[in-house]
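Coordinate-derived values only; no laboratory data. Small disclaimer: the values here were computed from a predicted structure and weren't measured. Cβ placement follows ideal geometry from the backbone for every residue including glycine, while neighbour counts extend to all protein chains displayed.
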Amino acid sequence: MAQPEDPDRGPLDLDQPVEPQLPDGYLDLYKLAVEMADRVSGRRTAANSFFLAVQTALVTLLGVDGLSQQAVAGAGLVLAGAWWLLLRSYRKLNGAKFQVITEMEMQLPVAVFKQEWTALKGGGTAVKRRLRNRYAELGVVEQVVPAIFAVIYVVVMITAA
């Protein structure tokens with residue numbers, strides 16, 4: 001029986017693993033995809049800092065005599081909604097980017113992001129995962145903050161009426 005051959009390399013040694021051939025520039029595209037996902041995360045962090053500062057200032061203004069609490073609360077409520085929607089958009093954008101990254105990793109010898117995600121989401125018993133050892137996604141946790149501000153503003157609007 002003849003030994004199998006690779007048209008570009010000649011006879012194959014079946015005892016040696018074959019390294020996949022990546023298209024030219026594939027690793028550069030992968031690195032770019034990872035860098036762009038990181039940039040989106042950076043922009044999300046900057047947006048969180050901005051909105052938190054503005055919301056903190058508005059809550060402070062609620063205590064100033066002579067200002068309409070309903071007007072301040074209304075502005076805060078609009079900003080809380082905008083903040084929440086922006087975070088949702090960033091989360092979807094990063095989700096799409098990481099989907100592309102994990103698909104690209106299928107061609108690589110190691111799937112770093114997929115393995116990391118599996119490690120974060122798995123392990124332990126179901127009860128243990130639900131309680132203290134469960135990974136709380138940043139996108140979910142950070143969307144609670146604008147919701148809390150929105151609740152504060154709704155309460156202020158109701159009580160100031």
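Below, the figures for the structure above:
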read-out	value
Vicinal HN-Hα couplings computed from phi for segment 52-65 (Karplus, 6.51 cos²θ - 1.76 cosθ + 1.60; Hz; Gly/Pro x)	5, 5, 5, 5, 4, 5, 5, 4, 5, 5, 4, x, 7, 5
Least to most buried among Thr102, Thr60 (fewest other Cβ within 10 Å first)	Thr60, Thr102
Overall dimensions of segment 23-160 as given by Cα atoms, namely Rg and Dmax in Å	20.2, 67
Relative contact order (%) - segment 23-160, alpha-carbon pairs under 8 angstrom, separation at least six	35
Per-residue Cβ neighbour rank within 10 angstrom, fewest leading, Met104, Met36	Met36, Met104
Residue order, fewest to most beta carbons within 10 Å, for Ile101, Ile158	Ile158, Ile101
